[in-house]
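Engineer: Encoded as structure tokens, here's the structure I'll be asking about.
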Amino acid sequence: MHKKLWIPGPTEVKEEVLNQQAKYLVGHRSNDFTLLYDSILTQLKSFFKTEQHITVLTASGTIFMDISGRNLIRPGKKAICCVNGSFSDRMHKAIVGCGFEADRIDVEWGHAIKPEMIREMLEKNDYDILTMCHNETSTGVKANLKEISDVLKDYPETLLVVDAVSSMAGDLLLPEEMGTDLLFASSQKCFALPPGLAVGIVSQRALDRAKEVPNKGLYTDLIGIFSYYEKKKQTPSTPNISLLYAMDYKLKELLTEGAENVAKRHKEMADYTHEWALSHGFGLFAEEGYRSVTVTTVANKLEKDVNELNKALGEKGLIIANGYGKLKNQTFRIGHMGDHTLDDLKELLKAIEEIWNL
Ligand SMILES: Cc1ncc(COP(=O)(O)O)c(C=O)c1O
């Protein structure tokens, strides 16, 4: 039996979206492909109300961590990485893996990094990029990007790189308003698509920086990617055309719903889940005021058996996620992202109540 995915990615993909991938292929150097790719980029620009540059790569979202390290840091310069969970830690690893020094601002998991912590570091050192995870999928913490980019206004050499893998197309993210220079995500989260595509929204400042940086690789060269698009309106190498069909279809749905309504639906699901957790004796792992709208990390104060729960949920065709890494069993996670609705969520939570006799 298929288990409906209430995990924070990959998320549930509707049959009609899955079926888009079964269409006959076109050549990636054909006019048909250009029309498809152009339609996707136009819709993304419209959904995110942005004039920034957008690309869709055939890769998972992590590729943009390497892209940040290879394109946005000049030789001899360094990065500052905000780390408050597993994915923000991964970003730090990627930058170091690209051969750069990267300082860290670490806070305890479950907490958010505050603007004054960033200002303190930027006062002491020059950094080419500051990395942030907008929505820490391991902890359910959401960053306040606006307050952070307001600090960066005083440090114009420091570009803001944001991992929005598990929030883009769920939470409201407007690159210009939030002052991001590279904002990226994967297809398998709030876009409610299969994994395999990565969306990157890049400011002109970031592209100008990439022009100054050597050794960008080939697949990860932002200048190569965007200049190929400028010339040919296509991608430099063969993309996953089947998935792009699905993305084109899905974006039409997202635009029909509208970015604000999508965000409202996610917020309603998050609020309901928070209220449910607290009223049944659980806690919320994420700090108040910084809670994700796409994933709730529930503090398992009642010490319930999450694996047993998932076995029982599986018989009802449902699945949630255990805590991430060291948070296993101490927490469990409900991914209310993508196509899910409040009514579906109520059914899931009712099923949990029945299984655990809450
Ligand atoms: C916040 C965050 N960043 C990065 C990743 C990695 O994304 P991908 O697996 O698409 O490379 C994930 C995956 O769960 C994530 O949740």
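The values are calculated or read from the model by the stated rules, or taken from the named source; none is laboratory data. Nothing here was measured: the structure is a model prediction, and the numbers come from that model. Using ideal geometry, Cβ is built from the backbone for each residue, glycine included, and neighbour counts are taken over all protein chains shown. What goes into the accessible areas is simple: the full protein's heavy atoms, side chains included, and nothing from ligands, DNA or RNA. Shrake-Rupley method; radii C 1.70, N 1.55, O 1.52, S 1.80 Å.
Engineer: All but one of (1) buried (at least 20 other Cβ atoms within 10 Å of the Cβ); (2) more than 15 Å from Asp38 (Cα to Cα) hold for Leu251, so report the exception by its number.
Structural biologist: (2)
Engineer: Ok, one more. Being without any contact (Cβ under 8 Å) to a residue 12 or more places away in the chain, away from the ligand (no atom under 16 Å from the Cβ), open to solvent by 20 Å² or more (accessible area, probe 1.4 Å) and not aromatic (Phe, Trp, Tyr) is the requirement here; does Lys146 meet it?
Structural biologist: Here the answer is no, as Lys146 does not meet what is asked.
Engineer: Another question, if that's okay. Which ones in region 22-52 are open to solvent by 80 Å² or more (accessible area, probe 1.4 Å) and in contact with a helix residue (DSSP H, G or I) (Cβ under 6 Å, 6 or more places away or on another chain)?
Structural biologist: Lys23, Leu25, listed by residue number.
Engineer: Pairs only if they're at least six apart or on different chains, beta carbon under 8 angstrom, first in region 159-180 and open to solvent by 10 Å² or more (accessible area, probe 1.4 Å), second of a type in the set (Asp, Glu); list them, first residue then second.
Structural biologist: Leu172/Glu260; Glu176/Glu51; Gly179/Asp150
Engineer: OK, next. Working only within region 1-17, note down all residues that are in contact with a helix residue (DSSP H, G or I) (Cβ under 7 Å, 6 or more places away or on another chain) and either within 16 Å of the ligand (Cβ to nearest atom) or open to solvent by 40 Å² or more (accessible area, probe 1.4 Å) (or both).
Structural biologist: Within region 1-17, the first condition is being in contact with a helix residue (DSSP H, G or I) (Cβ under 7 Å, 6 or more places away or on another chain), and the residues that meet it are 3, 6, 17.
Correct list: Lys3, Trp6.
Results for (1) under 17 Å from Ala192 (Cα atoms); (2) part of a helix (DSSP H, G or I); (3) modelled with pLDDT under 95, shown as yes or no for each residue.
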residue	(1), (2), (3)
Gly289	no, no, no
Val293	yes, no, no
Lys304	no, no, no
Lys311	no, yes, no
His340	yes, no, no
Lys346	no, yes, no
Leu349	no, yes, no
Glu354	no, yes, no
Leu358	no, no, no
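Engineer: If a residue counts only when it is basic (Lys, Arg), which helices (runs of 4 or more DSSP H) contained entirely in region 11-98 have at least 2 such residues?
Structural biologist: 86-97
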